[in-house]
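> Before anything else, here's the structure in question.
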Amino acid sequence: EMSCTTIELKRKAVTGLEEIGKKIQEDLSGDFVSSELAVGKITEAEGVRVLLMVFEKYYWRNGSMAVTVVQIMDSGEEQRAVVAGTGGGEGILNISFGANRDYAERISKALMRMGFEVTDGEDSSVY
């Protein structure tokens, strides 16, 4: 059983996706345990731009890796973000001690500092 935290946010499009991606990385660079950007890509389809970022973070407290996926869609008028944190578990039961939630919330707070507002969020288990 893999646990997952998903947080959805939105704001008016006031800056480009490149700047948002850069600010997220700058915000995370101050953490004691660094995050590694595994994937960073912007694509476009039918006038909608999409930023995809995948971050990894190693948690020493339980010897595990947590991953957070950030997807931001930009219509030109509105930007919608989905932040999904998963992993971070240890042992046969994959107990995460909240690592995936902490990581997703950390990145969501960086977005909130840029004016994004939370529209939905949930903790779930994926089978």
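> Of the numbered conditions (1) modelled with pLDDT under 95; (2) farther than 19 Å from Lys57 by Cβ; (3) open to solvent by less than 40 Å² (accessible area, probe 1.4 Å), Ala104 fails exactly one; give the number of that condition.
All conditions are met except number (2).
> Across the range 1-23, which residue is farthest from Lys109 (Cα to Cα) among those that are in contact with a Leu (Cβ under 7 Å, 6 or more places away or on another chain) and among the hydrophobic types (A, V, I, L, M, F, W, C)? I'd like the intermediate steps shown before the answer.
If we filter the range 1-23 for residues that are in contact with a Leu (Cβ under 7 Å, 6 or more places away or on another chain), which is where we start, we get 9, 17, 20-21.
Cutting the leftovers down to among the hydrophobic types (A, V, I, L, M, F, W, C) gives us 9, 17, 20.
On the way: Leu9: 10, Leu17: 17, Ile20: 13 Å.
This residue is Leu17.
> For residues that are farther than 23 Å from Arg101 by Cα and surrounded by fewer than 14 Cβ atoms within 10 Å (Cβ to Cβ), tally how many sit in the range 14-46.
The initial filter retains those residues of the range 14-46 that are farther than 23 Å from Arg101 by Cα, namely 14-19, 41-46.
Within this subset, residues satisfying the condition of being surrounded by fewer than 14 Cβ atoms within 10 Å (Cβ to Cβ) are 14, 18-19, 41, 43-46.
Within the range 14-46, residues that are farther than 23 Å from Arg101 by Cα and surrounded by fewer than 14 Cβ atoms within 10 Å (Cβ to Cβ) number 8.
The values are calculated or read from the model by the stated rules, or taken from the named source; none is laboratory data. Just so it is clear, the structure is predicted and the values come from calculations on it, not from any experiment. Counting neighbours? That spans all protein chains shown, and the Cβs are built from the backbone with ideal geometry, glycine included. These area figures cover heavy atoms from the full protein model, side chains too; ligands, DNA and RNA do not enter into them. Shrake-Rupley method; radii C 1.70, N 1.55, O 1.52, S 1.80 Å.
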